[in-house]
Amino acid sequence: MNCIFCEIAAGKAPVEIIYEDENVLSFLDIKPLNIGHTLVIPKRHYENYLDLPADELRNITLISQKIAAKIVKAFEPDGFNIIVNSGKAAGQSIFHFHYHIIPRYSDDKVKFNIVFKSYGNGEMKQIAEKIKNV
Ligand code: 5GP
Ligand code: ZN
């Protein structure tokens, strides 16, 4: 399989490492939305969020929280985003699960071009039921 993040996890492609242990690697994103934009990946290959076993998810999530705290201390941003893109339509381009941790600033001009939808009368109840009943 040709996966750049597997290569990075195996030490075969150079990255600027933030954190590493047996199971998890964190490194700077090569095309940052803001300086310090960091990725956190499991060393094992899982395509996306739903594929992660619970113990891996728990572990990588707790580590990501610690890395987010480091980024906040290092850059003192006004906020930060934790993002997981799952699937091409959601913006996933590397199909090896990763968290993005992105420091944010009030004036950073990073804009997600969002057009909000709305629900019709009674539709919210129906939609909530649809999800609950799966
Ligand atoms: P996705 O779009 O899948 O959520 O995010 C993939 C991220 O990986 C992108 O932000 C992209 O800039 C980053 N990326 C892709 N290839 C490399 C690489 O070879 N090295 C590093 N450091 N980041 C990469
Ligand atoms: Zn991979």
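The region of the chain that goes longest without hitting one of the GluC sites (Glu not before Pro) in a DSSP loop, each with at most 11 other Cβ atoms within 10 Å, is 23-134. Would you please name the chymotrypsin sites (Phe, Trp or Tyr not before Pro) within segment 25-62 that are DSSP coil residues with at most 10 other C-beta atoms within 10 Å of their C-beta? The qualifying sites: there are none. Working note: Karplus 6.51/-1.76/1.60 with θ = phi - 60° gives segment 36-46 the couplings x, 3, 10, 10, 10, 10, x, 5, 6, 7, 10 Hz, where Gly and Pro are set to x. Using the Karplus relation 6.51 cos²θ - 1.76 cosθ + 1.60 with θ = phi - 60°, the per-residue 3J(HN,Hα) values for segment 114-119 come to 9, 10, 6, 8, 9, 9 Hz, with x marking Gly and Pro. This ranking places VAL15, VAL134 by how few other beta-carbon atoms lie within 10 Å of each, fewest first, which gives VAL134, VAL15. In this Cβ point-charge picture (+1 for Lys and Arg, -1 for Asp and Glu), segment 37-134 has a dipole of about 20 debye about its Cα centre. Loop-located chymotrypsin sites (Phe, Trp or Tyr not before Pro) in segment 88-134 (DSSP state not H, G, I, E or B) with no more than 12 neighbouring Cβ atoms inside 10 Å: PHE112, PHE116, TYR119. Remark: segment 7-24, residue by residue, has Karplus-estimated 3J(HN,Hα) of 5, 4, 4, 8, x, 8, 9, x, 9, 8, 7, 9, 7, 8, 9, 4, 10, 10 Hz, where x stands for each Gly or Pro and the curve is 6.51 cos²θ - 1.76 cosθ + 1.60 at θ = phi - 60°.
Entry note, the chain: relative contact order of 24 percent, from Cα contacts under 8 Å with a spacing of 6+ residues.
Expressed as an acute angle from 0 to 90° and rounded to the nearest 10, what is the orientation of the C-alpha long axis of helix 54-75 relative to the principal long axis of the chain? Once rounded, the angle reads 70 degrees. Placing unit charges on each Cβ (+1 for Lys and Arg, -1 for Asp and Glu) gives the chain a dipole about its Cα centre, and among ILE18, HIS100, VAL110 the Cα reaching farthest toward its positive end belongs to VAL110. For ARG104, nonlocal amide neighbours, meaning residues 5 or more places apart or on other chains whose placed amide H falls under 5 Å from its own, are ASP78, GLY79, PHE80, ASN81. At 222 nm, what helix-only mean residue ellipticity would the chain give, in deg cm²/dmol to the nearest 500, using -39500 (n - 2.57) for each DSSP H run of four or more? When only DSSP H runs of four or more count, the value is -9000 deg cm²/dmol. Of the trypsin sites (Lys or Arg not before Pro) found in segment 37-112, those that fall in a DSSP loop while having at most 15 other beta-carbon atoms within 10 Å are ARG44, LYS109, LYS111.
Bear in mind these aren't lab numbers, they're just calculated from the coordinates by the rules spelled out. Quantities reported herein were computed from a predicted structural model and do not represent experimental measurements. Glycine gets a Cβ as well: all are built from the backbone with ideal geometry, and neighbour counts include every protein chain shown.
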